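Working notes, beginning with the structure itself.
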Amino acid sequence: MFQPVEPNNPIIFLDFDGVICTPNTYKSKHKTEDWWQIDIINADEGSLFCKTRIQRIEKVGRSTGAQIVLSTAWRNTYPLPSILGWLRAKTLTLPVVGKTDYLDDDHRGDEILLWLQTNNIQHTNWIAIDDTWDIMKPIPDEHLIKTYWKPPHGKPCGFGRVHIQESIDKLGGRNDEIYYSRQSKDGLLDQGHS
């Protein structure tokens, strides 16, 4: 189900709500933006994913060679094949290499650190993209990309354009070898999109 972990490649720990799902995507589907008021029993919850925000995550991954680990609470609610299918349907092509283990609702940061330890990841090129910062302790700020479910004035909702470069920088910058390899594989270099 998951692709193999590339131990030297950067890692993105990905939350969904407040990152790739926003109040607008909930409101368009369920007529409310308050996710906690929704009894989600729908066979296609991938419709809650914002394709634009997923494409921004994709851009970070293509630039850095990053792979995805699911840290979202969705990993405990929905079958993983469904989640992976929904992500692919919204054009996510980055390798998804695992999910964090569930400890409890208040310790997502500990779940991430446990995954890194269990998978013997020694490098520091990883980030956690999340809108619930209080449960991210003990993740240091240099590994955290803070997004918003309901942003204060002037801040983007979910994974905004402003988060792209911040993420690339925190992952160690653009990896040109991987970047050009992926662009060439997709035929983008031949079309003048370099």
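Close amide H contacts of Phe13 (hydrogens built in the peptide plane, cut-off under 5 Å, sequence separation of 5 or more or a different chain): Val69, Ile127, Ala128, Ile129. Taken one residue at a time, the phi angles of region 55-66 give Karplus couplings (6.51, -1.76, 1.60, θ = phi - 60°) of 5, 5, 4, 4, 4, 4, x, 5, 6, 10, x, 5 Hz. Gly and Pro are set to x. Highest-first packing order for the peptide set 125-133, 71-79, 105-113 is 125-133, 105-113, 71-79, based on the mean count of other beta carbon atoms within 10 Å.
On the basis of the beta-carbon distance and an R0 of 25 Å, Val162 and Ala73 show a calculated FRET efficiency of 0.50. In order along region 87-98, the phi-based Karplus estimate (6.51 cos²θ - 1.76 cosθ + 1.60, θ = phi - 60°) of 3J(HN,Hα) comes to 5, 5, 5, 9, 6, 6, 10, 5, x, 9, 10, x Hz; Gly and Pro are listed as x.
Coordinate-derived values only; no laboratory data. Keep in mind the model is a prediction, meaning the values are calculated, not measured. Backbone-built Cβ (ideal geometry, glycine too); neighbour counts: all protein chains shown.
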